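First comes the structure, then the notes that go with it.
Read-outs: derived from the displayed coordinates by stated rules, not from any lab. Please read these numbers as outputs of a predicted model, since none were measured by experiment. Neighbour counts are summed over all protein chains in view; Cβ atoms, including those assigned to glycine, are modelled from backbone coordinates with ideal geometry.
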Amino acid sequence: MVKYRRNLVPGGTYFFTVAIQDRSSDLLVRYINQLRASFRAARESNPFTIDAIVILPDHLHCLWTLPVGDSEYSHRWRLIKSRFSRSFNEAGLTFQRTRKGEYHLWQRRFWEHTIRDEADFETHVNYIHYNPVKHKLVTRITNWPYSSFHHFVQSKQLDPDWAGDSVMIEGNFGE
């Protein structure tokens, strides 16, 4: 079995891409309340700060900062994924299970990148916020409801017309 090497920096800030298996599904936005509840529950038991996030129909991107001395982001993702999956079972919706007993809903792995500095942080925040436009879900960022972009506008960190109609963020972001 392959042992994935993760960069574990206690108290670090990380960028993640997490996807469901059926990349043609709209599951994450259709069941946004269950996904939000899964994040809340994980944060209650294992605190972390969500610095930026965007939820798309079939995947999500986010930036987290972990508490000082803590580098256990994989455990937090396991909590979020399992709670979200169980919420369907509790609602009477079923997903097939793998041989290991996991629901056949999420991709097993996730993309992780350790944020190196302020410029790297800003690049990833911009990528997160621009992502719905990149995937042609909206033509303007402000029109996508499942994004921390709105919090950034409300706190005056970004202008409501940030990126307008013409920005493209380049890089390897795990998609």
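Please rank HIS124, HIS129, fewest neighbouring Cβ atoms within 10 Å first, as an exposure proxy.
HIS124, HIS129
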| query | Given a Förster radius of 25 Å and the C-beta distance between GLU118 and ARG78 as r, what FRET efficiency does 1/(1 + (r/R0)^6) yield to the nearest 0.05? | reply | 0.25
| message | Just to be sure I understand: with springs between alpha-carbon atoms less than 10 Å apart, which residue in THR139, THR13, THR65 has the highest mean-square fluctuation in the Gaussian network model of the chain? | response | THR139
| note | Among ASN7, ILE50, LEU60, the residue whose Cα sits farthest towards the positive end of the charge dipole of the range 1-82 (+1 at Cβ of Lys and Arg, -1 at Cβ of Asp and Glu, taken about the Cα centre) is ASN7
| query | For the range 16-78, which trypsin sites (Lys or Arg not before Pro) are in a loop by DSSP, counting at most 11 other Cβ atoms within 10 Å? | reply | ARG23
| Amide proton proximity set for ASP51, modelled H, under 5 Å, gap of 5+ | LEU63, TRP64, THR65
| field | Normalised convex hull volume, the range 13-117, alpha-carbon set, Å³ per residue | value | 106
| query | Considering the Cα trace of the chain, what is its radius of gyration and what is Dmax, both in angstroms? | reply | 16.3, 49
| note | The distance between the Cα centres of the range 1-78 and the range 102-136, in whole Å, is 10
